[in-house]
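> Submitted below is the structure of interest, expressed as structure tokens.
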Number of protein chains: 2
Amino acid sequence: MKLTLQQKANIVRKWCLISTSEAGSGHPTSCLSAADIMTVLFDKYLTYDLQTPQNLQNDRVIFSKGHASPLLYSLFALTGAYDTEELKTLRKFGSRLEGHPTPRYPYAEAATGSLGQGLSVGNGLAVGMQREVILQNKPHVYVLLGDGEMAEGQVWEAANFASYYKLNNIVAIVDVNRLGQSQETMFGHHVEAYANKFNAFGFETITIDGHNFDEIIQAFDKATTNKRDKPFAIIAKTHKGHGISFLQDKDNWHGKALKKDDLEKALKELGELPEEKKIFSVKIPAKSSSIEKPVNEKNSDSSLLLQTPKLGEEIATREVYGTTLAQLGMANMLIFALDGDVKNSTFSIDFKSAHADRFIECFIAEQNMVGVALGLSRFGKLPFVSTFAAFLTRAFDQVRMARLSDANIKFVGSHAGVSIGEDGSSQMGLEDIAMFATLPDTVVLHPCDAVSTEKLLSTLVTQPGIGYLRTLRSKTPVMYDETQTFSIGGSKILRESPDDRVTIVAAGITVFEALQAYEILKQESIMVRVVDCYSIKPIDSKTLIRCAEETKQKFIITVEDHFEHGGLGDLVLSAVAESGAHVKKMAIKHISHSGTMKELLDDGGISAKHIVKKVKSIV
Amino acid sequence: MKLTLQQKANIVRKWCLISTSEAGSGHPTSCLSAADIMTVLFDKYLTYDLQTPQNLQNDRVIFSKGHASPLLYSLFALTGAYDTEELKTLRKFGSRLEGHPTPRYPYAEAATGSLGQGLSVGNGLAVGMQREVILQNKPHVYVLLGDGEMAEGQVWEAANFASYYKLNNIVAIVDVNRLGQSQETMFGHHVEAYANKFNAFGFETITIDGHNFDEIIQAFDKATTNKRDKPFAIIAKTHKGHGISFLQDKDNWHGKALKKDDLEKALKELGELPEEKKIFSVKIPAKSSSIEKPVNEKNSDSSLLLQTPKLGEEIATREVYGTTLAQLGMANMLIFALDGDVKNSTFSIDFKSAHADRFIECFIAEQNMVGVALGLSRFGKLPFVSTFAAFLTRAFDQVRMARLSDANIKFVGSHAGVSIGEDGSSQMGLEDIAMFATLPDTVVLHPCDAVSTEKLLSTLVTQPGIGYLRTLRSKTPVMYDETQTFSIGGSKILRESPDDRVTIVAAGITVFEALQAYEILKQESIMVRVVDCYSIKPIDSKTLIRCAEETKQKFIITVEDHFEHGGLGDLVLSAVAESGAHVKKMAIKHISHSGTMKELLDDGGISAKHIVKKVKSIV
């Protein structure tokens, strides 16, 4: 039996309704508005190897409006990828069909559900395709957006990026169903308001009735076959809850599943529908290309490094980041570097000089930058994202969603702490450790010199997941020789003796303050242990506990150029919490200002002078 | 002597150059591009009571491109507000003229320096003026933006907001100097690219040569006198470093002060200039209106509350937020509520119902929402900003800048933790405490029932600064009677006996798990103390230390529906760090999923069952 598009769309609708009612929650009306247009996509345009969602030749489908996940799940079920019965597990504990898409579900390109992020992920996939020589025919990247989320600025960051880089295989589909969660959206059904914006941001656009199959087909034909150098946006006027009389275009039906009676009424309205489990015959790509293997450890060997820093030489760790990443990029072709127009400050410019084809200037748009990294990660690349540590806060939600997506992304934040000096408080990264460390299973590193930066960066390349490396603006002396090893979860005891009274735990710039304090105290015969805690998370609990035990006062003093809560001190506290060791945190407790580094370390209470004073108050 | 506009602009330039050279750092070229246009503004259009920067009748000037602060400082100095000699203290420790504007400088409307935020602050001021009945003639809000920062999505969130609310007294001035920090901006000198975007976002626009005084005057005439219902944008084509041949339109001069020789050469190029210290005669507003006094404590008395929750009644704390804020808004006319299209979930809708004139729907654009709150705070209002706790992460940078601005803003994050259930990980606020608590001097509250929510919210109204209240999605039983008092920095011991072995410290939903655990353990004659630590920051150190001391094992177990790092547990650890008490943190250690609340609390290891197990492992 040959089904009409309308019948197919209604079968899709049926499953959206059944699955949400079965779950007792969810957003059926937000699915129904997009059901017609997405049915056409799956029926006629999508090219996809269902066995291998990450086949590089696949088209990609991103539900930026993640709350319409039942639609996503129903569409793929109806390709025959899995049984429609599984749809009844929606939102149940243990099901891969979660309330919003997550990486448990293999056809989700990214976790979505925090709105306005999908187009950036699409950018990452599309820019990956653009720079992938093996792809002669670029697959299409389809991104379904809601009208409510068009208010998110990130969408416009993403639109700028897509047009700037001429990502002509991106097709944004905007489901203008007029109704937000709590009221009408900013522009209601004025589809031209969205089209004007996309045009101004460099897209080719078409506005259609999203429930008229002829118009939908015409739009996809244009979107997928036109020769042009622009991304494409289909702006579809739709009705929330379309197809069901008592839901359609009605307020107060956002995020509500139908109760049994209403469900029966609704299904009746959809008409007689065949019980088919597979209604879409998705085209398979002509070729199959799998993601390249990640770099093997040999390739990231630090012996490859160009320059061997000399002991005592003054180099900023941010500079070392640039030269080292450029070098690592020789061996590992998966490494990409992304920056937000500060590449001459973060030194990612050195990577650009060496590997222009794998450098992506994202301009001053950190949210989109992280979304692009997420898409690249899904495409099998290893993105390094750099900007000032302070400005990574601009993308906390995107970092969070990248973590929920199980992405493999490394972040590098420069200009950490008050030690940056004259630029003042807005440019100081003082909450970055708290931000990255709160997400589960992240790695947070803060090396203090050139050698440890080099070596830890090499290690980070082979460490999956979200990693963060914090670099310093100011130059610091090379402290370690090239034979030293550094590991994630490690630390270095820099000074120790059998007479140690307390242990000073530092990282980054404060290592040098701690060493100065050591010298001053030694003059007065007060011996202290000094630890460079370069791996902040995971932290070297074993060494820390041992130090506390071996020192007379069983006291650890932590010193960090970060706000007091959520930084190194708290990770040390947690590490020794059950041991009964005493811990005193020294950290930045008030908003800093402009001044020289020396003045600000002192003003912040984390300079050698303050450490000496603190030690004396304890011993 | 009557100075020409060109002479005045060159005097301004002179001071930008001198002050940055004196400082040895800063962004002179980014000042010079905007010097002509801002000179005209100060010379002919600005109405400002220099004695009272917060006179409500004042025009407002916001430097969204905060790195051009030397221009801001020079302009106001040349009004005679302070001596030009002070400009030589730029960026020096202790000076109010910091690298980027901060609240130390009274003419800064907000701390800027994280780009793309100024237009939102302008929105907050303009919407405040719009809703202020005493203002018959609305002052103008001038926002100077750089072209590089136009890539920030927040600018477009702000543009949407300004046009949606018809903020026709906003004048955005875009300084299109072509050069970003590290390369040409996305659109170079194509001023039309910006004009098209602003037009599409509902602005009236004009493009001009930003160094042609006739065109500048024409633009300001149009911007300030036209009758229209739209905001206005002046897109000015300029040259970075304009006026100095060896700087003008040259790459690699971003953020560099001139050395002595270059400075002398540059000053020579500016020509002979009179030594005048005051070149602008700024018009004074006809009237003076000062900010209203904050609410007095009597007005926020909780006896005003409409409903008295009954013990045992099940109410969600998010619902209590809505009804209580509506009630508090009766007594305190300064309270505004802002929401991001989730007002029916956060229950700020109840405030809207009672005080529509003080409710601002910000749609799904959290970054702009926080910027609007910052502007409102500067205008003397008390904004309450609500959305899902998870989505406040979208505005971390804006919250950070609000804190640097010394703003008085209260944030309310609903849907905290895994306890939200089926919606899944993207909707769970599990990093919100880490985020708010890391900023210095913030208040973080997490009440577990209706009464404590009501009372803490009332208290929060009278507490200056950045406050955060975390609410629950699910209903919880009323636990406290109306006679109980709650204070910032307080806690409640819910169960205690002389035989207590350990102390369980909980907040929010985990209070109920802890109480359940208490009952189970009591059956087995294991007595534990239970503390409701509703004030997470500041925390009740005294009580916590006493509890640790009074319980047999000197052990505190913290239980929280938040990620392990940066939450309640870490604040407890810090509070008892020097006491030597043992602390065990129970918190969410992995990414959660969809499921029922019960399943997820259990899966997250923070349910009563897990607490019982943990206690037994200790005693």
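The values are calculated or read from the model by the stated rules, or taken from the named source; none is laboratory data. Remember, predicted model here, so these are calculated numbers, not experimental data. So basically every Cβ, Gly included, is an ideal-geometry build from the backbone, and we count neighbours across all protein chains shown. For the accessible areas, the whole protein counts, side chains as well, though only heavy atoms, and no ligand, DNA or RNA atoms are used. Shrake-Rupley method; radii C 1.70, N 1.55, O 1.52, S 1.80 Å.
> Taking the stretch A:462-475 on its own, how many of its residues are within 14 Å of another protein chain (Cβ to nearest Cβ) and assigned to a strand (DSSP E or B)? Working first, answer last.
Filtering the stretch A:462-475 down to residues within 14 Å of another protein chain (Cβ to nearest Cβ) leaves A:465-466, A:468, A:473-474.
Now narrow it down to the ones that are assigned to a strand (DSSP E or B): A:466, A:468.
Counting residues in the stretch A:462-475 that are within 14 Å of another protein chain (Cβ to nearest Cβ) and assigned to a strand (DSSP E or B) gives 2.
> How many residues are within 18 Å of B:Ser426 (Cα to Cα), charged (D, E, K, R) and in contact (Cβ under 8 Å) with a residue 40 or more places away in the chain when one looks only at the stretch A:379-409?
4
> B:Tyr73 - would you say it is more than 23 Å from B:Leu115 (Cβ to Cβ), open to solvent by less than 10 Å² (accessible area, probe 1.4 Å) and either of a type in the set (Gly, Ala, Ser) or at pLDDT 95 or above (or both)?
So B:Tyr73 fails the test.
This table checks each residue for (1) more than 36 Å from the chain's Cα centre (by Cα); (2) of a type in the set (Lys, Arg); (3) at pLDDT 95 or above; (4) within 21 Å of B:Ile433 (Cβ to Cβ).
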residue	(1), (2), (3), (4)
B:Gln516	yes, no, yes, no
B:Lys522	yes, yes, yes, no
B:Ser525	yes, no, yes, no
B:Val528	yes, no, yes, no
B:Tyr534	no, no, yes, yes
B:Ile539	no, no, yes, yes
B:Thr551	yes, no, no, no
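> What is the number of the single condition among (1) open to solvent by 30 Å² or more (accessible area, probe 1.4 Å); (2) touching a residue at least 40 places away in the same chain (Cβ under 8 Å) that B:Asn169 does not meet?
Exception for B:Asn169: condition (1).
> To continue, here is another question. Check B:Val372, B:Val342 and return the single one that is under 30 Å from A:Ile591 (Cα atoms), in contact with a strand residue (DSSP E or B) (Cβ under 8 Å, 6 or more places away or on another chain) and hydrophobic (A, V, I, L, M, F, W, C).
Numbers: B:Val342 fails: under 30 Å from A:Ile591 (Cα atoms).
On inspection, the qualifying residue turns out to be B:Val372.
> Can we say A:Ile606 is within 11 Å of chain B (Cβ to nearest Cβ), closer than 27 Å to B:Lys537 by Cβ and either surrounded by fewer than 18 Cβ atoms within 10 Å (Cβ to Cβ) or modelled with pLDDT of 95 or more (or both)? Steps first, answer last, please.
On the way: within 11 Å of chain B (Cβ to nearest Cβ): no; closer than 27 Å to B:Lys537 by Cβ: yes; either surrounded by fewer than 18 Cβ atoms within 10 Å (Cβ to Cβ) or modelled with pLDDT of 95 or more (or both): yes.
It is false that A:Ile606 is within 11 Å of chain B (Cβ to nearest Cβ), closer than 27 Å to B:Lys537 by Cβ and either surrounded by fewer than 18 Cβ atoms within 10 Å (Cβ to Cβ) or modelled with pLDDT of 95 or more (or both).
> Now, a different point. Of all the residues that make up the stretch A:1-45, how many are of a type in the set (A, V, I, L, M) and under 22 Å from A:Val176 (Cβ atoms)?
11
> Are any residues in the stretch B:553-565 part of a loop (DSSP other than H, G, I, E, B) and closer than 26 Å to A:Val443 by Cβ, and if so, which ones?
Initially, the stretch B:553-565 is screened for residues part of a loop (DSSP other than H, G, I, E, B), giving B:553-554, B:564-565.
Passing the criteria: B:Glu564, B:His565.
> How many residues are modelled with pLDDT of 95 or more, more than 7 Å from chain A (Cβ to nearest Cβ) and not in a helix (DSSP H, G or I) when one looks only at the stretch B:566-593?
Adding up the residues that qualify gives 5.
> Among the numbered criteria (1) closer than 21 Å to A:Gln553 by Cα; (2) surrounded by fewer than 21 Cβ atoms within 10 Å (Cβ to Cβ), which single criterion is violated by A:Glu482?
Of the numbered conditions (1) closer than 21 Å to A:Gln553 by Cα; (2) surrounded by fewer than 21 Cβ atoms within 10 Å (Cβ to Cβ), the odd one out for A:Glu482 is (1).
> Turning to a different aspect of this structure: Just for helices (runs of 4 or more DSSP H) wholly inside the stretch B:394-461: which have at least 1 residues that are within 10 Å of chain A (Cβ to nearest Cβ)?
Per the criteria, B:396-404, B:432-438.
> Going through the stretch A:19-28 one residue at a time, which ones are more than 16 Å from A:Gly113 (Cα to Cα) and crowded, with 24+ Cβ neighbours inside 10 Å? Break it down into steps so the answer makes sense when it comes.
Taking the stretch A:19-28 and keeping what is more than 16 Å from A:Gly113 (Cα to Cα), we get A:19-24.
Result: A:Ser19, A:Thr20.
> Can A:Arg91 be described as among the basic types (Lys, Arg), surrounded by fewer than 24 Cβ atoms within 10 Å (Cβ to Cβ) and within 11 Å of chain B (Cβ to nearest Cβ)?
The answer is no for A:Arg91.
> When residues of the stretch A:511-528 are filtered for being in contact (Cβ under 8 Å) with a residue 12 or more places away in the chain and either under 15 Å from A:Leu445 (Cβ atoms) or open to solvent by 10 Å² or more (accessible area, probe 1.4 Å) (or both), how many remain?
Matching residues across the stretch A:511-528 total 9.
> Determine which member of the set A:Tyr73, A:Tyr82 is farther than 29 Å from A:Leu179 by Cβ and hydroxyl-bearing (Ser, Thr, Tyr).
Answer to the check: A:Tyr82.
> Looking only at the stretch B:567-595, count how many residues are within 19 Å of B:Ser426 (Cβ to Cβ), in contact with a helix residue (DSSP H, G or I) (Cβ under 6 Å, 6 or more places away or on another chain) and polar (S, T, N, Q).
Summing the residues that are within 19 Å of B:Ser426 (Cβ to Cβ), in contact with a helix residue (DSSP H, G or I) (Cβ under 6 Å, 6 or more places away or on another chain) and polar (S, T, N, Q) in the stretch B:567-595 gives 1.
> Same structure again: What number of residues in the stretch B:184-207 are under 24 Å from B:Asn123 (Cβ atoms) and in contact (Cβ under 8 Å) with a residue 40 or more places away in the chain?
Residues meeting the conditions: 8.
> Any residue that is in a helix (DSSP H, G or I) and within 14 Å of chain A (Cβ to nearest Cβ) - is there at least one of those in the stretch B:124-142?
Checked the stretch B:124-142: no residue is in a helix (DSSP H, G or I) and within 14 Å of chain A (Cβ to nearest Cβ).
> Does at least one position in the stretch A:394-410 carry a residue that is under 14 Å from the mean Cα position of the chain (by Cα), basic (Lys, Arg) and within 26 Å of B:Ala402 (Cα to Cα)?
yes
> Might you check whether a residue that is open to solvent by less than 70 Å² (accessible area, probe 1.4 Å), among the hydroxyl-bearing types (Ser, Thr, Tyr) and at pLDDT below 95 occurs anywhere in the stretch B:309-325?
Scanning the stretch B:309-325, I find no residue that is open to solvent by less than 70 Å² (accessible area, probe 1.4 Å), among the hydroxyl-bearing types (Ser, Thr, Tyr) and at pLDDT below 95, so the answer is no.
> I'd like the full set of residues that are open to solvent by 70 Å² or more (accessible area, probe 1.4 Å) and in contact (Cβ under 8 Å) with a residue 24 or more places away in the chain, limited to the stretch B:224-244.
Correct list: B:Asp229, B:Lys230, B:Lys237.
> Just one of the numbered conditions (1) more than 23 Å from A:Asp147 (Cα to Cα); (2) open to solvent by less than 10 Å² (accessible area, probe 1.4 Å) is not true of A:Thr39; which one?
(1)
> Next question. Residue check, A:Gln51 against (1) more than 13 Å from A:Val282 (Cβ to Cβ); (2) without any contact (Cβ under 8 Å) to a residue 24 or more places away in the chain, all met but one. Which one?
(1)
> Can you name every residue in the stretch B:173-223 that is away from chain A (no Cβ under 14 Å), open to solvent by 10 Å² or more (accessible area, probe 1.4 Å) and out of contact with any strand residue (DSSP E or B) (no Cβ under 7 Å at 6 or more places or on another chain)?
Of everything in the stretch B:173-223, those that are away from chain A (no Cβ under 14 Å), open to solvent by 10 Å² or more (accessible area, probe 1.4 Å) and out of contact with any strand residue (DSSP E or B) (no Cβ under 7 Å at 6 or more places or on another chain) turn out to be B:His211, B:Asn212, B:Phe213, B:Asp214, B:Ile217, B:Gln218, B:Asp221.
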